[in-house]
Amino acid sequence: MTPMPASPRPIGIFDSGLGGLTVARALIDLLPDERFVYFGDTGRFPYGPKPAEDVLKFSLQIADLLVEREVKMLVVACNSASAAALDALRERLDIAVVGVIEPGVRAARAATRSGRVGVIGTVGTIASGAYQRAVQAVAPEITLTCAACPGFVEFVEAGDVDSDQVHVLAERLLAPVIAARVDTLVLGCTHYPLLSRTIGDVMGPDVVLVSSADETAFEVRARLAADVHATGAMREHEFMTSGDVGQFLALGARFLGPEVERVEAWQW
């Protein structure tokens, strides 16, 4: 992997909504001298139940928009989009494109003790077979159990991450991975770390929850030249949404932090 030359241009990040802010948080913490442009496609959320061809179309549109903003790298901070569009984006763009699926698998391989790993994700991500293919390529010794979790993303986007309703839903949806006696659970949607307390309560203290956010941030850093971190200058990040600006601003500040000061509205 050849490091990129130092550049003041921003790094682009996109997700179907707010979940990619978990990746953005890891990136901001690891790369404080970088500037980021984040696009949350909340106007067309959720991606998970949509046909793969629609998710591919949306991903290409967002990528073109971020390229127009002169980003030097693109982070696909959405598992559904990574599953449906990562290969096409890499073929189409002249900049580096980083997804979240393989980093999550590498983190799970490092965390598991028994080799029994679970993955939870949206219907689209699980049905795509992307995690199954990634495990076969990266860690074929792992025994994988996958479970779709429809409804999780909608609760997060509504700002509800710890109600009784979420807990009851989690008990039902996580039953397959509990039955498989996994010791490591990959949160295969960037929204899911925001539900980690509820998911952890249901899975129990012996199961390690793995988010791809940190591992993705490490991969992005590996693609950057070392001297890109040398300025020490404060960076103002940009946030865009195709949905409700007020809701994105409120929940973005809650989920990411004070960096979400302004949000630009975008209409397709």
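Things worth noting here:
- Selection from the range 33-50 of residues that are over 15 Å from VAL71 (Cβ atoms) and out of contact with any helix residue (DSSP H, G or I) (no Cβ under 8 Å at 6 or more places or on another chain): GLY43
- Any hit, the range 132-151, residues being under 14 Å from the mean Cα position of the chain (by Cα) and either in a helix (DSSP H, G or I) or without any contact (Cβ under 8 Å) to a residue 24 or more places away in the chain (or both): no
- Hits in the range 86-102 (condition: touching a helix residue (DSSP H, G or I) at 6+ places or on another chain (Cβ under 8 Å), assigned to a helix (DSSP H, G or I) and of a type outside the set (Lys, Arg)): LEU86, ALA88, LEU89, ILE101, GLU102
- Failed item, numbered, when ALA250 is tested on (1) assigned to a helix (DSSP H, G or I); (2) in contact with a Leu (Cβ under 7 Å, 6 or more places away or on another chain); (3) more than 27 Å from VAL135 (Cβ to Cβ): (2)
- Selection of the range 59-96 for residues being in contact (Cβ under 8 Å) with a residue 12 or more places away in the chain, surrounded by fewer than 24 Cβ atoms within 10 Å (Cβ to Cβ) and under 24 Å from VAL123 (Cβ atoms) yields LEU60, GLN61, LEU86, ALA88, LEU89.
- Of all residues in the range 108-133, those satisfying the criterion of being of a type in the set (Gly, Ala, Ser), buried (at least 23 other Cβ atoms within 10 Å of the Cβ) and in contact with a helix residue (DSSP H, G or I) (Cβ under 7 Å, 6 or more places away or on another chain) are GLY118, GLY121, GLY124, ALA130.
- ARG223 being more than 20 Å from PHE39 (Cα to Cα), modelled with pLDDT under 95, assigned by TED's automatic domain parsing to the domain that holds PRO32 and surrounded by 14 or more Cβ atoms within 10 Å (Cβ to Cβ): yes
The values are calculated or read from the model by the stated rules, or taken from the named source; none is laboratory data. The structure presented is a predicted model; accordingly, all values stated were derived computationally and were not measured. So basically every Cβ, Gly included, is an ideal-geometry build from the backbone, and we count neighbours across all protein chains shown.
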